[in-house]
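One structure is given below, encoded as structure tokens.
Values quoted throughout were computed directly from the atomic coordinates according to the rules given, and no laboratory measurement underlies them. Computed from a predicted structure; not experimentally measured. Glycine gets a Cβ as well: all are built from the backbone with ideal geometry, and neighbour counts include every protein chain shown.
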Amino acid sequence: MDAEERVIVLINDEYGTSKGGISTINCYAGQTLGLTGKAVVYATVLQLDVPEEDQKAADRDNVKLIKPYRKKGDLREPSLDWLTFDYNSRYPKSKKPQHEYLNSLNPESELPPHIDVIIGHADITDTAARNIHNDYYKDEADLIMFTHVIPEDTEYYKGGRKAMNAGKKENDMLMKVDNAKATFSVGERIYNHFSTKYKGDRKFKQNHHIFLPKPSKIFLDAHVSPGGEEMVVLSIGRVRKVEKLKGHDLVGQSMRDVVKKIKNVRLCVRGISEDDWETSERILKHALNSPDLVPTLLPYGTQEEIRSDMMRAHLVLMPSRSEPFGLVGLEAIAAGIPVLISDKTGLADMINKLVDGKKLPQGLRNRIVETSVQDSDMTKNASRWALKIRETLNDPETAFSQAKKFKDELRKSKYWEDSERRFLQACGITVTASHLNEGNNATLTYSLSSCDLRLEDVGHHGIQQ
């Protein structure tokens, strides 16, 4: 280890993306740090046997994985509590000399004896990161938090006690960043929301930054075309319990109108868990209520499967009534696929700001659809979405030509570089613009299996994005 290298630990339940957007950002952060050559990066996982794909990703990104310890005969399955409360036994702090630990090829279940930075994610591992920081590294390491959710927006659509407790959930999130050196909000919408929350605290206001994720290379490198006689409309996201939040009811009513005028259309919905299959199918069929269209349900997919879905699609939909960011929509733009995006998403906010700054073309605003959050506006919402869907499917050549221009301009904009640089600086790493450009050529091959089907429900690991 070089004397100037920083030792950094990412606290998460996996180094992959089976749980969606938070894991995607965790991988992106790991790669950004690992490929600088100026940091030794570790990441916790909850798997006792790390999936081969996740291990390959970690090896590629120069990230060493730390698995939990489980005694022989203990048959209990790992849970987030192992990271949050049981870390003394599951992830003990190593007693080895620092140089010996850092030179070991496999850290097993031990956390480093000394670190410089520990990183958590609200509201999945923020408590775990804070607890481990305070117990193991309080006087030596900086705490950094990523914020991925706006409970006051998303919990409303889950109803009942979750909606009632949204304010408390946000207050808990704020308390957990009390000792953080910096907080990074993923996207414009989350950043704006928490800027207001932090405005009364000078420390938080100064150390609160926006984080804009870069599209994955696997989508930027995709080559697509509008061919095929059957028109495929693709929606990606979990259905059960979040059909209103994710806008699946809106998609159903819109597509019911579309198929009355365009007959050769197929609706595919990717991201359905096996346990929720029948319920999800029933919800979608009820929303469609059409004799002319049966939805095609697809399970959670690998990155290659998601890319293949997009390459076969003529249109990708993101109709969420509230979406903190919207990585799936970003990846669709990066792939050059026509996409329609709700104006109630963080992605729409980012696009509008980049258009205002002349970093993206004005035409991309036409892919943003006004979407009311009121149930009473359902008919108007569906009419607007149906019109936009028909316009795209009736002239796919033009839609794909425009999408290619949007893809090229997105790549040229390099909108992610400023926030990436701020993140590295917060971690004590300074890099040049040329180094960032080199890093941008790396392949961040995360899965989008639930990349937006769990983003608002990241507080409950059995579900979301």
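Points worth noting:
- Gyration tensor (alpha-carbon) shape descriptor, the range 1-121, a/c threshold 1.5: oblate
- Amide H partners (placed H, <5 Å) of Lys93, local residues excluded: Leu111
- Of Met378, Leu46, Ile25, farthest towards positive along the dipole that unit charges on Lys, Arg, Asp, Glu beta carbons give the chain: Met378
- Residues of the range 204-223 with amide N under 20 Å of a point placed 7 Å along Cα→Cβ from Lys56: 216-223
- Label-point separation, Asn106 to Met164 (7 Å along Cα→Cβ), nm: 5.0
- P(r) tail fraction, the range 300-438 - alpha-carbon pairs more than 18 Å apart, %: 61
- A simple charge model with +1 on the Cβ of Lys and Arg, -1 on the Cβ of Asp and Glu and nothing else charged puts the dipole of the chain at about 1000 debye relative to its Cα centre.
- Under Stokes-Einstein, with the Kirkwood radius over Cα pairs as Rh, the value for the chain at 20 °C and 1.002 mPa s is 95 µm²/s.
- Listed values for the range 117-122 are Karplus-derived 3J(HN,Hα) couplings in whole Hz (6.51 cos²θ - 1.76 cosθ + 1.60, θ = phi - 60°), namely 9, 10, 10, x, 10, 8, and x replaces Gly and Pro.
- Estimated FRET transfer efficiency (Gln206, Glu77; beta-carbon r; R0 45 Å; 0.05): 0.60
- Dipole magnitude of the range 218-412, debye to nearest 20 (Cβ charges: Lys/Arg +1, Asp/Glu -1, about Cα centre): 520
- For the chain, calculated [θ]222 nm from helices alone, where every DSSP H run of n ≥ 4 adds -39500 (n - 2.57): -11500 deg cm²/dmol
- When the Cα positions of Ser280, Ile210, Gly252 are compared along the charge dipole of the range 188-293, Ile210 comes out farthest toward the positive end, with charges on each C-beta of Lys, Arg, Asp and Glu.
- Virtual paramagnetic centre 7 Å along Cα→Cβ of Asp408, amide N under 16 Å, in the range 313-337: 334-337
- The phi-based Karplus calculation (6.51 cos²θ - 1.76 cosθ + 1.60; θ = phi - 60°) puts the 3J(HN,Hα) values of the range 401-412 at 4, 5, 4, 5, 5, 4, 4, 4, 5, 4, 5, 5 Hz, whole numbers, x for Gly and Pro.
- Helix axis angle, 166-176 relative to the chain longest principal axis, alpha carbon, degrees: 30
- Cβ-based exposure ranking for Cys27, Cys427, Cys268, in which fewest neighbours within 10 Å come first: Cys268, Cys427, Cys27
- The range 218-412: C-alpha gyration tensor shape, a/c 1.5 cut-off, then a/b vs b/c: rounded
- Each residue of the range 325-332 was assigned a 3J(HN,Hα) from its phi angle through the Karplus expression (A = 6.51, B = -1.76, C = 1.60, θ = phi - 60°), giving 10, x, 5, 4, x, 4, 5, 5 Hz with x at Gly and Pro.
- Gap separating the Cα centres of the range 316-357 and the range 380-428, nearest whole Å: 6
- Degrees between helix 21-34 axis and first principal axis of the chain (Cα, 0 to 90, nearest 10): 50
- Against the chain, whose longest principal axis comes from its Cα atoms, helix 417-426 is set at around 20 degrees.
- For Met310, Met173, order by how many other beta-carbon atoms lie within 10 Å, fewest first: Met173, Met310
- With Cα atoms defining each centre, the range 42-115 and the range 261-299 are spaced 40 Å apart in the structure.
- Residues of type lysines that Lys388 reaches as a straight line, Cα spacing below 23 Å, ignoring anything fewer than 8 places off in the same chain: Lys244, Lys246, Lys260, Lys261, Lys263, Lys285, Lys344, Lys353, Lys380, Lys404, Lys405, Lys407
- Neighbour counting of Cβ atoms within 10 Å sorts the residues Met311, Met231, fewest neighbours leading, into Met311, Met231.
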